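Below is one structure, written out as structure tokens; comments come after it.
The values are calculated or read from the model by the stated rules, or taken from the named source; none is laboratory data. Worth saying up front: this structure is predicted, and the values here are computed from it rather than measured. All Cβ positions, glycine included, derive from the backbone under ideal geometry; neighbour counts span all protein chains shown. With ligands, DNA and RNA removed, areas are computed over all heavy atoms of the protein, side chains included. Shrake-Rupley method; radii C 1.70, N 1.55, O 1.52, S 1.80 Å.
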Amino acid sequence: MSAETHTCYEGCSVNIFQFYLEKSGEHAAIVKCLQNVLPAEFQRIGAGKSSLDVLGVGSGGGEMDVQILSLLQSAFPSAPITADIVEGSSELTANFKALAAKTADLKNIQFSWHSMSSEEYEKAKGGIKKFDFIHMIQMIYYVKSLAESIKFHHGLLKNNGRLMIIVEAANSGWDILWKTYKKELCVGSITEYRSSGEVAACLKDQSLKFEEHPVPNSFDITECFDSGSVTGERLLSFMTGREHFYESFSPEVRAGILDVLRNKCSTENDGRLFFNGNLSCIFVHA
């Protein structure tokens, strides 16, 4: 998320991103997973430690960070906690700061803000500070080198620390759509689409220990097949990373994308089409 006025898919404004989050229920699905798995992880991470340091990479507006930090604070109410935040969008960082300021659970957490991309952070910091918990939620698509980014951030972990990567699941609708139309879609900030399959393969290549938790999610894309629907066009714009879906592709490509979405990425229920938006939550051991 290195662009100053854009986030997530290249060309998609913050407003379209927020619209997508409202329609997809993605954050709610992630929060449910975090509430299930993080308490036990935090007990392992924090055992015997008097203070805790967290790094959020590509944190966006901080909605997930607030959940994570609140869970950590409740697990260790008396331990000093620091949170370093790496985010390239000044608009989203401002949103995060406002959210943190009004979240009572975070009053005792010391924040450090880094307005830069993850690559810029890697070059600027070079491992000066170590962390107990690092999270990369829905941002691994934007790094230039998956292997180098994982190696760098894994190298920042303290003893018994964890790197958490949340990414779209292998064989999800996202995985199918973006790999089917790689030539047309991987032309902006995402030049190589990665799902949990690529992340797991990279972790195995580096002989890193990890476990994977499914994050099931689906959302209604029926309106995407109504060319007169504003909601449908906005969803399509986000899902393909283009500001204006109908203006961005040829009629043939548009028809092909809609066919893949209908027949390979979704299931029908009571006449409505639901997109397979499954994700994966991966914990990498120090």
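Some points to look at:
- Odd one out for SER189 among (1) surrounded by fewer than 18 Cβ atoms within 10 Å (Cβ to Cβ); (2) touching a His at 6+ places or on another chain (Cβ under 9 Å): (1)
- Among the candidates SER237, SER280, the residue that is part of a strand (DSSP E or B), open to solvent by less than 10 Å² (accessible area, probe 1.4 Å) and hydroxyl-bearing (Ser, Thr, Tyr) is uniquely SER280.
- Of residues in segment 227-284 being of a type in the set (A, V, I, L, M, F, W, C) and free of Cβ contacts under 8 Å to residues at least 12 places away in the same chain, the one farthest from MET164 (Cα to Cα): ALA255
- Scan of segment 22-46 for residues that are more than 23 Å from LEU235 (Cα to Cα) and open to solvent by less than 70 Å² (accessible area, probe 1.4 Å), ordered by number: CYS33, LEU34, VAL37, LEU38, PRO39, ALA40, GLU41, PHE42, ILE45, GLY46
- Matching strands (runs of 3 or more DSSP E) fully within segment 32-118 where at least 3 residues are more than 27 Å from PRO214 (Cβ to Cβ): 81-86, 109-114
- Pick from segment 203-228, criterion of a type in the set (A, V, I, L, M, F, W, C) and under 22 Å from the mean Cα position of the chain (by Cα), ranking: farthest from PHE274 (Cα to Cα): LEU208
- Only listed residue being in contact with a strand residue (DSSP E or B) (Cβ under 8 Å, 6 or more places away or on another chain) and open to solvent by 20 Å² or more (accessible area, probe 1.4 Å), chosen from GLU252, GLU243: GLU243
- Taking first residues from segment 1-27 that are at pLDDT 90 or above and partners that are acidic (Asp, Glu) and assigned to a helix (DSSP H, G or I), the Cβ contacts under 8 Å between residues at least 6 apart in sequence or on separate chains come to TYR20/GLU26; HIS27/GLU63.
Quick grid of which residues meet (1) in contact with a Leu (Cβ under 7 Å, 6 or more places away or on another chain); (2) at pLDDT below 95:
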site	(1), (2)
PHE111	no, no
GLU120	no, yes
GLY126	no, yes
ILE134	yes, no
VAL143	no, yes
GLY161	no, no
MET164	no, no
ALA169	yes, no
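- Every residue from segment 130-162 that is free of Cβ contacts under 8 Å to residues at least 60 places away in the same chain and either part of a helix (DSSP H, G or I) or open to solvent by less than 10 Å² (accessible area, probe 1.4 Å) (or both): ILE140, TYR141, VAL143, LEU146, ALA147, GLU148, SER149, LYS151, PHE152
- Of residues in segment 153-181 being among the charged types (D, E, K, R) and closer than 21 Å to SER280 by Cα, the one farthest from the chain's Cα centre (by Cα): LYS179
- Selection within segment 64-87 - over 24 Å from PHE17 (Cβ atoms) and open to solvent by less than 10 Å² (accessible area, probe 1.4 Å): LEU72, ILE81
- Some residue of segment 185-202 being part of a helix (DSSP H, G or I) and farther than 24 Å from PHE283 by Cβ: yes
- Members of segment 163-184 that are in a helix (DSSP H, G or I), surrounded by 19 or more Cβ atoms within 10 Å (Cβ to Cβ) and either in contact with a Ser or Thr (Cβ under 6 Å, 6 or more places away or on another chain) or among the charged types (D, E, K, R) (or both): ASP175
- Qualifying residues in segment 88-127 (those that are of a type in the set (Asp, Glu) and open to solvent by less than 60 Å² (accessible area, probe 1.4 Å)) - the one nearest to LEU55 (Cα to Cα): GLU122
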